[in-house]
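The values are calculated or read from the model by the stated rules, or taken from the named source; none is laboratory data. Keep in mind that this is a model prediction, so the values were computed, not measured. All Cβ positions, even for glycine, are placed from backbone atoms using ideal geometry, and neighbour counts span all protein chains on display.
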Amino acid sequence: MTAAAVPAEGPTRHDPGRGGFAAAVPHALVLSRRAVLGLWRQPNVWVFGSIFPLLIAAVQSSAFARSTGLPGFPEVDSFLQFVLPATIIQVVLFGSINGGTELGLDLESGFFDRLVAAPTARVAILLGRLAGVAVLAVAQTLLYVAIFAAFGATVRGGIPGIATLVVLSVLLSVGIGGLACAIGLRTGSAEAVGNSFPLVFILLFISSAFFPVELMTGWYRSVAERNPLTWMIDGARHQVIVGFDLSEAATAFAVALVIIVGSFWLAVRQLQRRLAVAS
Amino acid sequence: MSLPIEAEGLVRRFGELVAVDGVDLVVEPGEVFGFLGPNGAGKSTIVRMLTTLLKPSGGWARVAGFDIATQAPAVRRAIGVALQDAAIDPLMTGTELLHLQSVLHGIPRREANRRSGELLERVGLTAAADRRVGTYSGGMRRRLDLALSLVHEPEVLFLDEPTTGLDPTSRLALWEEVRTLNSERGTTVFLTTQYLEEADELAGRIAIIDNGRIVRDGTPTALKAAVGAPTLLVEVDEAHLVGTREVLLRFGEERPARDGRVAIGLSGGAAAMATVIRALDEAGVALQHVELDSPSLDDVFAEATGRRLEGAES
């Protein structure tokens with residue numbers, strides 16, 4: 001065995017240091033580009049998720065077309081117009097999970113190690129993934145607005161209303177994407193992140209997504225009224241069925257921001273936990 | 001000038017399991033240092049510690065002069081790492097991955113483009129540079145992995161089992177690349193392998209690791225010379241094993257061999273072969289196979305651990 005020639009107290013090279021926030025920006029940008037490229041080149045991971053909410057909206061608008069005349073139902077052009085915001089939020093929720101599954105795949109494949117073994121700003125690993133889901137959310141929102149408009153369900157809030165929907169989608173995608181990243185980092189498994197999908201689905205169904213809370217009864221109504229998704233959907237819905245009003249969207253923005261803060265805190269904690277094994 | 005790698009008493013425990021048990025290392029500048037051992041010996045755990053991916057449970061190490069525990073970011077800037085399995089995003093092209101790696105190392109765009117072009121040419125991937133990695137063969141992936149680990153011209157290059165799972169042609173190509181890199185640029189290479197031939201071909205100095213401990217180290221020539229006598233390996237049918245062993249032990253000390261074989265270190269060397277064969281014939285042994293091998297790294301491993309490495313590979 002070779003004896004170590006230098007004692008532990010021996011000279012250590014001076015580290016000139018480099019990095020910090022200045023390094024984090026280009027790292028986040030290049031990893032965001034990778035995330036977007038990955039989505040673009042792998043349409044199967046989001047195409048089906050993007051079609052599914054449209055099918056639900058189509059079935060519901062056919063089944064519940066006459067429900068818009070019920071007392072207590074808000075004034076809308078059609079049921080399709082009523083479900084537009086919920087359909088957007090649904091597709092954004094599904095798309096956002098992708099941020100976590102991709103991070104899980106990076107952990108499974110060892111690409112995460114490649115990033116960690118390089119002088120990568122740690123937070124950029126998360127930001128890159130979140131940027132990917134945010135870009136997807138913008139594309140999905142604009143696509144849905146266009147498709148619904150083609151079927152006569154327009155956004156009464158016009159361009160400012162659409163912009164509000166887009167900003168809400170981005171915030172929600174970052175919030176839910178952060179949560180998915182936290183699960184991915186905790187479990188190190190893309191499959192585990194995918195399995196959290198039904199939870200999101202249940203949250204959505206017990207909200208005002210597909211029916212006004214005013215027409216619900218019992219425990220279902222109680223839960224729906226307290227479901228943060230209801231507050232988000234109602235704020236977004238106002239832009240679609242009434243008109244642009246930023247104050248109506250304030251609660252929705254606040255909910256999204258709270259989700260972002262909470263999920264980002266969780267994701268950073270899980271990232272630190274995972275990196276704690278490293279030097 | 002700092003030593004590329006130095007470590008003392010490096011330990012890593014996973015619960016009750018001691019994966020690395022007090023490893024001391026000194027790797028000199030410009031050296032290709034081979035870390036040879038079977039699966040599960042602790043090779044990758046040591047690489048993960050030296051590349052800052054895993055905290056040591058005990059001991060200390062410096063890489064490129066930086067302490068792995070307290071100066072991890074500086075270590076990461078100074079090293080190139082190609083880990084086992086070449087984890088490369090299959091959706092990206094070679095050029096895109098080199099660009100990504102360059103940005104992570106803070107290399108200006110123009111410089112990055114120049115180096116990427118050079119590296120792609122060097123590893124023979126210029127034509128495939130704009131193809132997605134998912135379409136690459138195993139050998140191409142490893143070569144790209146090598147290029148990625150070199151983009152910032154590292155002082156120390158870590159290659160963790162770089163040719164595991166590769167076909168012989170790709171293996172030879174990668175060996176050539178490592179040799180060139182070392183001889184032309186003087187890059188210090190720390191290479192782990194479970195292949196005897198790979199360690200023998202590439203490494204100027206070898207450490208043999210087993211159960212988390214270094215059991216031998218030195219140049220391949222010195223290690224083999226220390227084993228001394230060549231190995232005589234005899235294969236007979238089961239019924240003759242005991243008799244064969246009895247005869248052979250008159251000519252040298254027994255060495256580990258797989259089932260159905262008896263091996264000894266033939267003290268008299270090749271000159272004693274005729275006598276051995278006559279003795280076996282007189283004992284009525286029906287030989288199935290006989291070979292006399294100069295001491296190999298496998299013999300070194302066997303002498304140190306009591307087991308054979310050859311054939312234990314996955």
(message) Here is a list: B:A279, B:A274, B:A239. Which entry is more than 30 Å from B:G218 (Cβ to Cβ), out of contact with any strand residue (DSSP E or B) (no Cβ under 9 Å at 6 or more places or on another chain) and surrounded by 13 or more Cβ atoms within 10 Å (Cβ to Cβ)?
(response) B:A279
(request) State which residue is modelled with the lowest pLDDT when the search covers only segment B:282-314 and only residues that are surrounded by fewer than 20 Cβ atoms within 10 Å (Cβ to Cβ) and under 16 Å from the mean Cα position of the chain (by Cα). (result) B:S314
(request) Determine, yes or no, whether B:R62 is facing chain A (nearest Cβ under 8 Å) and either among the hydroxyl-bearing types (S, T, Y) or not in a loop (DSSP other than H, G, I, E, B) (or both). (result) yes
(request) Among the residues of segment A:235-279, count how many are crowded, with 20+ Cβ neighbours inside 10 Å and under 15 Å from the mean Cα position of the chain (by Cα). (result) 8
(request) Would you mind stating whether A:L54 is crowded, with 16+ Cβ neighbours inside 10 Å and either under 18 Å from the mean Cα position of the chain (by Cα) or more than 30 Å from B:L50 (Cβ to Cβ) (or both)? (result) yes
(request) Identify, by number, the condition in (1) buried (at least 19 other Cβ atoms within 10 Å of the Cβ); (2) over 30 Å from B:F14 (Cα atoms); (3) acidic (D, E) that B:D210 doesn't meet. (result) (2)
(message) Going through B:R110, B:R122, B:R142, B:R115 one at a time, which residue ends up being over 28 Å from B:V63 (Cβ atoms), out of contact with any His (no Cβ under 7 Å at 6 or more places or on another chain), assigned by TED's automatic domain parsing to the domain that holds B:T51 and of a type outside the set (F, W, Y)?
(response) B:R110
(message) Can you go through B:R110, B:R76 and tell me which one is part of a helix (DSSP H, G or I), on the phi < 0 side of the Ramachandran plot and surrounded by fewer than 23 Cβ atoms within 10 Å (Cβ to Cβ)?
(response) B:R110
(request) Report the residue count in segment B:1-59 for those that are of a type in the set (D, E, K, R), surrounded by fewer than 24 Cβ atoms within 10 Å (Cβ to Cβ) and either under 19 Å from B:V189 (Cβ atoms) or more than 8 Å from every other protein chain (Cβ to nearest Cβ) (or both). (result) 7
(message) Considering only residues that are modelled with pLDDT of 90 or more and within 8 Å of another protein chain (Cβ to nearest Cβ), which ones fall in segment B:71-87?
(response) B:Q71, B:A72, B:P73, B:A74, B:V75, B:R76, B:R77, B:I79, B:V81
(request) Determine which member of the set B:L150, B:L97, B:L104 is crowded, with 16+ Cβ neighbours inside 10 Å and away from chain A (no Cβ under 11 Å). (result) B:L150
(message) Looking only at residues that are basic (K, R) and crowded, with 21+ Cβ neighbours inside 10 Å in segment A:101-139, which one is farthest from the other protein chains (Cβ to nearest Cβ)?
(response) A:R129
(request) Please determine, by comparing only the residues of segment B:189-202 that are outside any helix (DSSP H, G or I) and crowded, with 24+ Cβ neighbours inside 10 Å, which one is farthest from the chain's Cα centre (by Cα). (result) B:V189
